[in-house]
Amino acid sequence: MKPIAMLVICSLALWGLLLIPGSIWWGGWDAVQLSGAALALVLLPAVLTLFAAVHWGSGSHETFFAFAMGGTMVRMVVTLGVVFVLTTQVQEEWVGRFVWWVTGFYLFVLGLEVTLLVKQPKGDEPG
């Protein structure tokens with residue numbers, strides 16, 4: 001449970017740090033809403049796939065690697081699918097800003113998740 005808590009806490013901390021400059025640069029309350037939605041879109045699948053990798057992929061190193069890489073693919077498909085639908089179906093001015101928020105949070109969460117998976121303590125190693 002520790003990697004999941006670290007992922008959520010660090011992601012929320014980044015969101016909190018970016019709220020003030022983001023709201024000044026991209027227009028107040030809209031920036032808070034867009035960044036919150038982007039973080040939720042990225043973080044929810046990441047938490048689910050990290051949970052699967054940590055808890056169900058603990059049989060062997062191969063199973064752990066399969067869950068970790070499979071989770072990354074599932075998260076990418078879900079996130080890019082929602083962004084694709086928004087950019088093709090919604091013709092509003094906020095969509096471009098939303099894509100930037102999603103991109104930033106996605107890269108941060110991906111890097112943090114990989115770091116947490118690689119740097120697990122010896123007692124938590126699969127197998």
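In the set 78, 109, which member is under 19 Å from residue 8 (Cβ atoms) and touching a Cys at 6+ places or on another chain (Cβ under 9 Å)?
109
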### Any hit, segment 79-86, residues being in contact with a Phe, Trp or Tyr (Cβ under 8 Å, 6 or more places away or on another chain), hydroxyl-bearing (Ser, Thr, Tyr) and buried (at least 18 other Cβ atoms within 10 Å of the Cβ)
yes
### Query
Being within 30 Å of residue 21 (Cα to Cα) and either touching a Leu at 6+ places or on another chain (Cβ under 7 Å) or at pLDDT 85 or above (or both), is that true of even one residue in segment 48-66?
yes
### Query
Any idea how many residues of segment 1-56 are more than 19 Å from residue 80 (Cβ to Cβ) and in a helix (DSSP H, G or I)?
35
### Residues (more than 18 Å from residue 4 (Cα to Cα), assigned to a helix (DSSP H, G or I) and in contact (Cβ under 8 Å) with a residue 12 or more places away in the chain) located in segment 59-75
61, 63
### Filter result for residue 51 (surrounded by 13 or more Cβ atoms within 10 Å (Cβ to Cβ) and farther than 18 Å from residue 10 by Cβ)
no
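The values are calculated or read from the model by the stated rules, or taken from the named source; none is laboratory data. Small disclaimer: the values here were computed from a predicted structure and weren't measured. As a convention, Cβ positions derive from the backbone with ideal geometry for all residues, glycine included, and neighbour counts pool all protein chains shown.
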